[in-house]
1. Note down all Cβ pairs under 6 Å where the first residue falls in the stretch 82-95 and is closer than 27 Å to Asn14 by Cα, the second is surrounded by fewer than 24 Cβ atoms within 10 Å (Cβ to Cβ) and among the basic types (Lys, Arg), and they're at least six residues apart or on different chains.
2. Among the numbered criteria (1) under 23 Å from Ser121 (Cα atoms); (2) outside any strand (DSSP E or B), which one does Ser177 miss?
3. Scan the stretch 154-174 for residues that are small (Gly, Ala, Ser) and part of a loop (DSSP other than H, G, I, E, B) and report the count.
4. What pairs come up if the first residue lies in the stretch 103-119 and is farther than 17 Å from Phe84 by Cα and in a strand (DSSP E or B), the second is β-branched (Val, Ile, Thr) and modelled with pLDDT of 95 or more, and their beta carbons are under 6 Å apart, counting only those six or more places apart or on different chains?
5. Starting from the stretch 213-231, keep only residues that are touching a residue at least 60 places away in the same chain (Cβ under 8 Å) and within 15 Å of Ile51 (Cα to Cα), then list their pairs with residues that are in a helix (DSSP H, G or I) and of a type outside the set (Gly, Ala, Ser) whose Cβ atoms are within a distance under 7 Å, requiring at least 6 positions of separation or different chains.
6. Take the residues in the stretch 180-213 that are of a type in the set (D, E, K, R) and assigned to a loop (DSSP other than H, G, I, E, B); name whichever of them is nearest to Arg93 (Cα to Cα).
7. Just name the residue that is farthest from Ile78 (Cα to Cα) out of those in the stretch 139-177 that are touching a residue at least 40 places away in the same chain (Cβ under 8 Å) and either touching a Gly at 6+ places or on another chain (Cβ under 8 Å) or basic (Lys, Arg) (or both).
Amino acid sequence: MASIGIIGDFQASNETHVATSVALRDHDATWVGTDEVRSPHELGPFHGLFIAPGSPYVSLDGALAAIRYARESSVPLIGTCAGFQHIVIELARNVLGIAGATHAEYDPLADDLFVTPLSCSLVGQVLSVVVDPSSVAGRSYGSALTGDGEATERYYCRFGLNPAVEPALAEAGLVVSGRDHDREARIMELPDHPFFVGTLFVPQASSPDHPLVGAFLAAADAREAAARHSL
């Protein structure tokens with residue numbers, strides 16, 4: 001059974017945190033506070049990392065270190081809501097080399113805002129997302145998508161990708177694979193990674209058996225099996 005590290009600052013009153021735990025109920029899942037990520041080597045025992053909702057995180061640096069470790073070490077990763085947002089920041093800082101790249105929730109007056117307030121808050125909204133069927137996300141959804149390639153998802157966020165920086169992120173390899181009907185980014189992924197997907201929505205809140213989470217867990221299980229067979 002794969003071991004999953006849930007990177008986030010758990011609160012029992014947060015329904016997205018409860019939903020995350022439920023979605024991982026059949027795996028060996030452990031919550032790791034963002035301020036507990038002091039060295040990437042501490043994450044080595046995990047076969048997959050789930051970057052949880054709930055920002056601002058106690059430790060921005062801890063969250064980014066976990067994301068970087070998964071990206072550079074080919075560890076399966078899924079990030080939802082705040083996880084999506086911090087994937088963007090990590091790529092901007094460590095791939096694009098923009099040291100000051102940040103999130104408006106931490107510093108609204110920063111020069112290099114890669115995550116900015118949405119024109120309209122999506123907290124409590126249930127909306128459609130159009131998914132590229134050839135993408136990792138699209139293949140993960142499979143038959144769960146409508147004939148038009150759409151899924152209906154639940155949102156809890158007030159911040160999203162700054163559209164102005166999308167081309168730079170695409171050059172760094174982070175591509176948009178799901179958009180809303182206004183063409184704004186709702187799913188981003190690294191296509192060449194075993195599994196590295198961020199969603200602005202919270203799939204585990206829509207269903208404890210969501211196909212995106214299932215695909216992430218399958219990738220983590222494959223990593224665990226490969227490690228076991230190499231012994």
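1. Glu90/Arg68
2. (2)
3. The qualifying residues number 2.
4. none
5. From residues that are touching a residue at least 60 places away in the same chain (Cβ under 8 Å) and within 15 Å of Ile51 (Cα to Cα), the pairs are Val213/Pro203; Val213/Gln204.
6. Step one: of the stretch 180-213, the residues of a type in the set (D, E, K, R) are 180, 182-184, 186, 189, 192, 209.
When the remaining residues are screened for being assigned to a loop (DSSP other than H, G, I, E, B), the result is 180, 182-184, 192, 209.
Details: Asp180: 26, Asp182: 27, Arg183: 25, Glu184: 22, Asp192: 19, Asp209: 33 Å.
Ranking the qualifying residues of the stretch 180-213, first place goes to Asp192.
7. For the stretch 139-177, the residue satisfying everything is Arg158.
Residues checked against (1) more than 29 Å from Cys120 (Cβ to Cβ); (2) among the charged types (D, E, K, R); (3) at pLDDT below 95:
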residue: Thr152; (1), (2), (3): no, no, no
residue: Arg158; (1), (2), (3): no, yes, yes
residue: Pro167; (1), (2), (3): no, no, no
residue: Glu189; (1), (2), (3): no, yes, no
residue: Pro211; (1), (2), (3): no, no, no
residue: Ala218; (1), (2), (3): yes, no, no
residue: Ala227; (1), (2), (3): yes, no, yes
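The values are calculated or read from the model by the stated rules, or taken from the named source; none is laboratory data. These numbers come from a predicted model, not from an experiment. So basically every Cβ, Gly included, is an ideal-geometry build from the backbone, and we count neighbours across all protein chains shown.
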